[in-house]
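Where a number appears in this text, it was derived from the coordinates with a stated rule and is not lab data. Here the structure is a predicted model, which is why all the values come from computation and not from measurement. Note that each Cβ is placed from the backbone with ideal geometry, even for glycine, and that neighbours are counted across all protein chains shown.
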Amino acid sequence: MPDLEQAAIESREKSHAEVRHFMRFTRAQRYLHAALFSSFLGLAATGLPLRFSESIWARGLAKGVGGFGAILFFHKFCALVLTVAFLIHLKEIVTRGIIHREKGIFWGATSMVANWKDVKDLFGHIRWFLGLGPKPKFDRYAYWEKFDYWAVFWGMIVIGFSGYAMWFAPFFARFLPGWALNAVLVIHSEEGLLAILFIFSIHFVNTHLRPDSFPMDLVVFTGVESEEEFKTKRPLEYQRLKAQGKLEARVAEAPGIWQINFSKVVGFTAIVIGLVLLVLTLSAYLRE
Amino acid sequence: MKTASSIALALGALLAVAAPRAVWAETDCLSCHADASLQDASGKSVGVDAHTFGASIHGSLKCGDCHAAIKEYPHPDPITPVKCESCHADQAAGLAGSVHSVKAEHPCTSCHGDAHAIFPKDDARSAVYPLNVPRTCGACHGNDAMAKKHGLPNVYPLYIDSIHGFALSKEGLLVAANCQSCHGSHHILSHKDPLSPTYKTNIPKTCGNCHAGITASYMNGVHGKAVAAGDLKAPVCSDCHTAHAILQPTADAFRMQSTPICGSCHKEKLSTYRDTFHSQLGSLGGYVETARCWDCHGAHDVLPASDPRSPIAKANLVVTCGRCHAGANMSFVQYQPHANARNRKLNPALYFVRLFMNLLLAGTLGFFVIHTILWLIRSRYDQIKKKSTEGDKNA
């Protein structure tokens with residue numbers, strides 16, 4: 001089975017224009033991801049100093065932006081951006097899945113909803129890790145990608161709800177018991193910590209830093225990937241589209257050099273910020 | 001008109017000459033000592049400004065009243081030092097029992113200044129005039145070497161930047177506390193001496209000389225009652241406000257420094273406060289509005305929650321919390337500002353929420369860290385294997 005590294009070598013050998021590219025993410029989806037990760041970085045950078053308010057770097061960071069009042073302001077601002085992004089995404093799901101009754105949103109090979117194949121893929125993948133079986137063939141969204149998606153989805157609901165409960169505590173106290181106001185801070189900070197640790201370690205490595213994608217998978221920035229990449233990373237979707245004769249419809253223009261460079265700058269910046277925050281978090285967490 | 005003013009002028013001149021008449025009688029002494037450059041054998045100036053002396057508090061005295069041992073010229077050698085205590089017996093007695101009892105180190109003039117220019121303490125020219133006291137004491141107590149030698153803090157800079165120091169030096173307030181307002185003047189005792197006004201249990205009364213209302217309120221609170229009952233661990237004014245570097249309590253710097261002061265005794269409460277949003281947001285500057293201990297508990301008349309007068313009594317919580325949280329209701333005030341998520345007995349709901357969140361965090365990360373590490377090893381293994389087979393092909 002040709003691997004991604006092989007694909008990368010081949011694509012480098014071929015001239016840029018010769019390689020066919022396929023659309024994976026629409027422009028709207030890429031913008032949504034950009035809004036998601038920039039506001040998430042902002043939330044992490046302003047939330048961590050609050051969580052670890054006794055540490056030296058938290059003091060420095062707070063001083064740098066004008067104290068903890070400013071930090072809270074930026075935290076709330078990023079929260080609003082993320083809330084809007086989340087609502088736009090919900091609207092898209094409702095419009096496509098319920099109003100237009102588009103197939104494959106709530107169930108099937110292209111859905112984000114987990115199915116029995118994902119369970120089999122997980123075990124198959126682990127068997128392959130250990131050299132006990134062949135590498136499973138993945139469809140449009142692999143099980144770990146679905147996990148990323150639902151972790152963020154659940155995380156946004158939990159962190160968002162607990163965050164707004166603290167922001168508007170007297171209002172929420174009208175229908176929440178008093179102890180819930182204590183609980184929301186614990187939930188908010190623990191779930192936030194989980195999100196930060198997960199995204200900045202697991203998601204970064206699984207999606208960007210593992211050898212097959214190293215140093216970065218640009219598809220979420222450019223929206224397109226090469227035919228080789230498509231074929232090796234998501235063989236089932238490639239074959240299905242080919243069999244259905246829908247493959248040609250997905251052909252897209254190769255990304256321009258500026259687009260690739262721009263994506264790299266943005267992507268690396270995000271990854272570096274994330275890794276720095278990860279180190280700070282781990283150092284503060286382990287010292288606690 | 002012209003005649004009237006010249007008469008007034010002449011009268012004034014006459015009065016000016018007439019007032020220090022007593023000194024002028026001492027012409028024999030002044031025939032030598034009026035010379036400002038006159039020095040004794042050790043090089044010490046022995047010149048006397050007759051005019052200043054005449055205006056001073058001792059202006060009506062004759063030279064011999066103080067310099068009783070000098071009766072003829074040439075003067076005896078050595079000269080017996082002047083004994084202030086022959087008139088000022090009470091002050092001398094006070095000084096003798098004080099921290100300044102070593103006379104050689106603390107002659108009267110070390111505080112009262114030039115012996116021939118001593119003015120009443122309500123005269124702005126006096127070294128012990130209220131506005132001049134800190135500078136006078138600071139001559140020694142603003143000196144690092146002196147402070148170190150005696151194991152004392154260098155208090156002058158602390159005081160002068162304090163709210164009392166500002167009131168005195170910037171506003172010129174005569175009522176602002178200066179050194180002697182708290183320490184006394186002649187009979188200054190160590191703060192370890194139970195008779196000292198700065199001895200722990202005497203401090204509320206000492207501060208209360210000016211801050212009467214606050215002391216009354218303090219004596220009603222748990223701390224005041226404990227101190228009155230002889231509990232030396234309970235805080236008095238200076239434990240929270242410090243002794244010399246007293247800040248305006250509404251100042252950011254004081255709000256920032258105060259919580260750890262309460263926490264130095266209330267350790268458990270400080271630790272649980274640290275876990276809350278009040279502390280997280282408020283602990284590091286720039287945002288000082290978040291609740292500090294006394295915002296909820298009161299500052300001077302701290303009372304237990306069981307006391308209906310306490311701001312943290314159940315019936316008063318809506319008002320207390322509502323001072324910051326507009327719209328706080330009975331459910332809102334169920335919030336526990338000192339909840340301990342690690343204590344299963346005290347906060348079971350919170351304990352299990354935290355446990356669940358921690359298990360979720362550890363479980364998710366634990367699984368995926370192993371998953372990712374295995375994946376990395378396998379991918380790298382395949383990569384290297386592929387490279388080596390390709391390398392063989394190329395060779």
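Using +1 on the beta carbon of Lys and Arg, -1 on that of Asp and Glu, and nothing else charged, what's the dipole of the range A:21-287 about the Cα centre, debye to 20? Provide the component values of the computation, followed by the final result.
On the way: 29 positive and 19 negative charges, 65 e Å.
I would put it at about 320 debye.
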message: Could you tell me the relative contact order of chain A? Use alpha-carbon pairs under 8 Å, at least six residues apart, and round to a whole percent.
response: 31
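Hey, got a sec? Which trypsin sites (Lys or Arg not before Pro) in the range B:289-342 land in a DSSP loop and have at most 14 other Cβ atoms within 10 Å?
Values: sites: B:Arg292, B:Arg309, B:Lys314, B:Arg323, B:Arg342; in loops: B:Arg292, B:Arg309, B:Arg323, B:Arg342.
Counting only loop positions with at most 14 other Cβ atoms within 10 Å, the trypsin sites (Lys or Arg not before Pro) in the range B:289-342 are B:Arg309, B:Arg323, B:Arg342.
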query: What is the average number of partner chain Cβ atoms found within 10 Å of a Cβ in A:124-130?
result: 4
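Please pull out the direction-averaged projected area of the protein assembly as shown, using the convex hull of its alpha-carbon atoms, in nm² to one decimal place. Before the final figure, lay out the partial values.
Numbers: hull surface 218.1 nm².
With the hull built on Cα positions only, its mean projection is 54.5 nm².
If you wrap a convex hull around the Cα atoms of chain B, how much volume per residue is inside, in Å³?
Numbers: hull volume 147.8 nm³, N = 395.
Convex hull of Cα atoms, per residue: 374 Å³.
Would you kindly state the longest site-free stretch of chain B, with sites defined as GluC sites (Glu not before Pro) in a DSSP loop (not H, G, I, E, B) surrounded by at most 16 other Cβ atoms within 10 Å? Walk me through the numbers on the way to the answer.
On the way: sites that count: B:Glu72, B:Glu105, B:Glu171, B:Glu289.
Segment B:172-288 is the longest.
Could you please rank B:Met146, A:Met156, placing first whichever residue has the fewest other Cβ atoms within 10 Å of its Cβ?
Numbers: B:Met146 13, A:Met156 21.
By the 10 Å Cβ count, ascending, the order reads B:Met146, A:Met156.
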field: Kyte-Doolittle mean at least -0.5 and Cα axial length at least 27 Å: DSSP H helices in chain A
entry: A:27-51, A:67-93, A:143-167, A:178-197, A:257-287
query: Relative to the first principal axis of the alpha-carbon coordinates of chain B, what is the inclination of helix B:2-18, with its axis defined by its Cα atoms, in degrees from 0 to 90 and to the nearest 10?
result: 90
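Show me the GluC sites (Glu not before Pro) within the range A:104-212 that DSSP assigns to loop and that have at most 14 other Cβ atoms within 10 Å of their Cβ. Walk me through the intermediate numbers first.
On the way: sites: A:Glu145, A:Glu190, A:Glu191; in loops: none.
Here no loop site has a sparse enough neighbourhood.
If r is the Cβ-Cβ distance from A:Phe106 to B:Val319 and R0 is 45 Å, what FRET efficiency results, to the nearest 0.05? All intermediate terms of the calculation are to be shown ahead of the outcome.
Working: r = 51 Å, r/R0 = 1.14.
So the FRET efficiency works out to roughly 0.30.
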- prompt: Can you give the mean number of other chain Cβ atoms that lie within 10 Å of the Cβ atoms in peptide A:171-184?
  reply: 6
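Assuming R0 = 41 Å, can you tell me the calculated FRET efficiency for the pair A:Ile56 and A:Lys91, based on Cβ-Cβ distance, to the nearest 0.05?
On the way: r = 43 Å, r/R0 = 1.05.
Calculated transfer efficiency: 0.45.
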- line: Cβ-Cβ cut-off under 14 Å around A:Ala270, Lys and Arg +1, Asp and Glu -1: the net charge is +1
Alpha-carbon Rg with Dmax, taken over the range A:21-287, Å: 20.5, 60
query: Label-point separation (nm) for B:Asp231 and B:Lys269, each offset 7 Å from Cα along Cα-to-Cβ?
result: 1.1
- prompt: Any idea what diffusion coefficient the range B:248-339 gets from Stokes-Einstein, in µm²/s, Kirkwood Rh on alpha carbon pairs, 20 °C, 1.002 mPa s?
  reply: 156
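Taking the square root of 5 times each eigenvalue of the Cα gyration tensor, what semi-axes in Å does the equivalent ellipsoid of the range B:265-395 have, largest first? Mind showing how you got there, number by number?
On the way: eigenvalues 612, 57, 32 Å².
Taking √(5λ) for each eigenvalue gives 55, 17, 13 Å, largest first.
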- line: Taking Lys and Arg as +1 and Asp and Glu as -1, residues besides B:Phe352 with C-beta under 14 Å from its C-beta add up to +3
- prompt: With contacts defined as alpha carbon pairs under 8 Å and 6 or more residues apart, what's the relative contact order of chain B in percent?
  reply: 7
message: Suppose we keep just the alpha-carbon trace of the range B:92-206; what are its Rg and Dmax in angstrom?
response: 14.1, 40
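Is there a simple number for the mean count of other chain Cβ atoms within 10 Å of the Cβ of residues in B:340-347, and what is it? Before the final figure, lay out the partial values.
Working: counts 1, 5, 0, 0, 0, 0, 0, 4.
That works out to 1 on average.
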- line: With label points set 7 Å from each Cα along the Cα-to-Cβ direction at B:Asn329 and B:Ala362, the distance between them in nm comes to 3.9
query: For chain A, the longest stretch holding no trypsin sites (Lys or Arg not before Pro) located in a DSSP loop with at most 14 other Cβ atoms within 10 Å is which?
result: A:15-100
task: Consider a paramagnetic label point 7 Å from the Cα of A:Thr269 along Cα→Cβ; state which residues of the range A:196-232 have an amide N under 15 Å from it.
output: A:221
message: Can you tell me the convex hull volume per residue for the range A:151-288, based on C-alpha atoms, in Å³ to the nearest whole number?
response: 171
- prompt: At what distance in nm do the modelled label points of A:Trp258 and B:Thr52 sit from each other, each positioned 7 Å from its Cα along Cα→Cβ?
  reply: 8.3
- line: Net charge near A:Gln29 (other residues with Cβ under 12 Å of its Cβ; Lys, Arg +1; Asp, Glu -1) is +3
message: For the protein assembly as shown, what does the helix formula give at 222 nm: sum of -39500 (n - 2.57) over DSSP H segments with n ≥ 4, over the residue count, nearest 500 deg cm²/dmol?
response: -17000 deg cm²/dmol
query: Of the chymotrypsin sites (Phe, Trp or Tyr not before Pro) in the range A:72-151, which ones lie in a loop per DSSP and count no more than 16 other C-beta atoms within 10 Å?
result: A:Phe106, A:Trp107
